[in-house]
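Reviewing the structure listed below.
No value in this document is a laboratory result; all are computed from the given coordinates. What you see is a predicted model; the values in this text were computed from it and never measured.
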Amino acid sequence: MRRLALLLALLVAACQGAEPAKPVVTTQDRPRAVANRDDVLKNVVARKITDADRAAFRAVTVEVWGGHVVLMGAVVKPEQRRRAEQAARAVEGVGSIANELVLAELPALEFFRPDFAREDAVRRQLGLEGKAGLIVRVINGVAFLIGGGTPEAAAQLKADAGEVEGIKWVVTHIVQP
């Protein structure tokens, strides 16, 4: 009887320390044709921006999901921020633009490059390894989540991504299907 009580106490203690399972958040994958079109659009937009002024836009990153363009990174002057958006808007096939460019001092532009190690950590945290349902970009400690899904999924993804070490805040651009 004593052994049974001890075993029961151990089982209860083990259950209390266990972390509850996270709910599975689903994101919507793009059809291959749409993903290919987005990749082409991303390259055209990025080239158009850098062709305007390679030095001024060296810390600008472009991502596209379903024709929705997200500009991330930093520029030195407000006029450069406007010019980058105008260049993106001039590309045929661009549906909407989210201009997330921030202003930074010239020496600080080097800090606004994608952080691939943190991107991998965010993907692991979100359970997205090997899946194409979401674009994850981490730039200067800010995680950008770009993809398709519901507002509820966006809120859960944002909360989960914010738990990754080194992430200052999370920006979501989740397009509803």
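For this structure, a couple of remarks:
- DSSP beta bridges in segment 28-111 [antiparallel fraction, %, rounded to 5]: 50 percent
- DSSP bridge orientation in segment 114-177 - percent antiparallel, rounded to nearest 5: 50 percent
- Those aspartates and glutamates that a straight Cα-Cα span of less than 16 Å connects to Lys42, excepting residues fewer than 8 apart in one chain: Asp51, Glu63, Glu85, Glu92, Glu100
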